[in-house]
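Only the coordinates and a few stated rules stand behind these numbers; no lab work does. Bear in mind that the values here come from a model prediction, so they are computed numbers and not experimental data. Cβ coordinates were reconstructed from backbone atoms using ideal geometry, including for glycine residues, and neighbour counts include every protein chain displayed.
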Amino acid sequence: MSINKNKELDRIGLLHIPKTGGTSIVSSPLIQEFGHAMVYDKEDTGYNYLYMYQDPVHAKKVVLPMSHLDTWYTICVVRNIFDWLISYADWCCCFNNWNPSHYDAPFAKKGFDYFIKNIMNRDDRWPCRKFIYCQMFTPTGTFVPNHIFHSENLDDELLTFFATRKQIWIPQPRKQIGRAKLVHKRPPATELYKDNQLVDEINKCWGREMKLLGYEPDPFDLIYNKAQAIIDGHVPDKSIVSYVWDTDIFTRDLDK
């Protein structure tokens, strides 16, 4: 049951975090998409960090007030950071050349290691050393989604979730945006993460986020550990964690 206890929460809205597999599930009539929006809870904080660097005007349009979610059961999909970085590198031309206009394409073309290190050493644009899944929080730090799903086990989690709501989830085919434009293969993770120093730097940079979601600090162990996750599945108490992008401060209430 949602903390809002509102019957209209039968409506399920996806807060779509890029490169996590959300495109694959919004074709279902059971889920509606809020796009890549960020949610704000104070009037002067209505901007989207995903677009602030390349399109500040658009960044103020791809937002939703928290009040809009009062009648929605809001969900999001997350992904192991190691796997997410490979997918994002692919999107930015690291292993292909189909999206050369992307602002990170010049860095991606210099190689995977260079690309990742460039991201983790900046804080002026998304993605960067700050939380990659920043859409899970408002700019003031409030946690947003009612429920978190994991890309690695998405269909099984959705089947269980909708069964509790007496609905039937029909697995949707995975969609890889842009991959049909150019057939190519990504290098395996064993090749991309063979540098232990790079792995250590990734864990140091995004370790807070991986611990929050229960992911192991191992690029070859992508499945999340439910027992270790601070937040997993349905979130009955959103005040347990807070993250503020501007200050890059993550807090956890250890008493809850």
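Helix 81-91 against the longest principal axis of the chain: what's the angle in degrees, Cα atoms only, rounded to the nearest 10?
The answer is roughly 70 degrees.
Over its Cα atoms, what ratio of radius of gyration to 2.2 N^0.38 Å does the range 46-139 give?
Normalised Rg, Cα atoms only: 1.20.
State the antiparallel share, in %, of DSSP beta bridges confined to the chain, rounding to the nearest 5.
Here the antiparallel bridges make up roughly 35 percent for the chain.
State the dimensionless ratio Rg/Rh of the range 110-256 (Rg: radius of gyration of Cα atoms; Rh: Kirkwood radius).
Checking Rg against Rh, the ratio lands at 0.98.
Any idea what angle helix 196-213 forms with the longest principal axis of the chain, computed on alpha-carbon atoms, 0 to 90 degrees, nearest 10?
Around 10 degrees separate the two axes.
For HIS36 and ASN196, compute 0.36 nm times the residue count separating them, minus their Cα-Cα distance, and round to one decimal in nm.
54.3 nm
Taking H as built 1.01 Å from N, whose amide H comes closer than 5 Å to the amide H of VAL63, not counting residues under 5 places away?
Sorted by chain and number, the residues that satisfy this are MET38.
Could you pull out every residue, at least 5 positions away or on a different chain, whose amide H is within less than 5 Å of the one on VAL78? Hs are placed 1.01 Å off N in the peptide plane, and Pro or chain starts have none.
PHE149, HIS150, SER151
So if I take the alpha carbon set of the chain, get Rg, then get Rh from the Kirkwood formula, what is the Rg over Rh ratio?
0.94
For Cα pairs less than 8 Å apart in space and 6+ apart in sequence, what is the mean separation divided by the residue count of the range 7-250, i.e. the relative contact order in percent?
Reported relative contact order: 22 percent.
Running a GNM on the chain with Cα contacts under 10 Å, which residue among GLN197, GLN172, GLN135 ends up with the highest mean-square fluctuation?
Of GLN197, GLN172, GLN135, the most mobile in the Gaussian network model is GLN197.
Explain nothing, just the number: dipole magnitude of the chain about its Cα centre with +1 on each Lys and Arg Cβ and -1 on each Asp and Glu Cβ, in debye rounded to the nearest 20.
Rounded to the nearest 20 debye, it is 580 debye.
Do any chymotrypsin sites (Phe, Trp or Tyr not before Pro) in the range 201-256 lie in a DSSP loop with no more than 12 other beta carbon atoms within 10 Å, and if so, which?
Answer in residue order: PHE220.
In degrees, nearest 10, range 0 to 90: what is the angle between the Cα axis of helix 154-164 and the longest Cα principal axis of the chain?
0
For the chain, set up a GNM with springs between Cα atoms under 10 Å and report which of HIS36, HIS102, HIS234 has the largest fluctuation.
Result for the chain, Cα springs under 10 Å: HIS102 fluctuates most.
Report the gain in length on full extension from ARG11 to PHE220: 0.36 nm times residue separation, minus Cα-Cα distance, nm rounded to one decimal.
So the extension gain works out to 71.6 nm.
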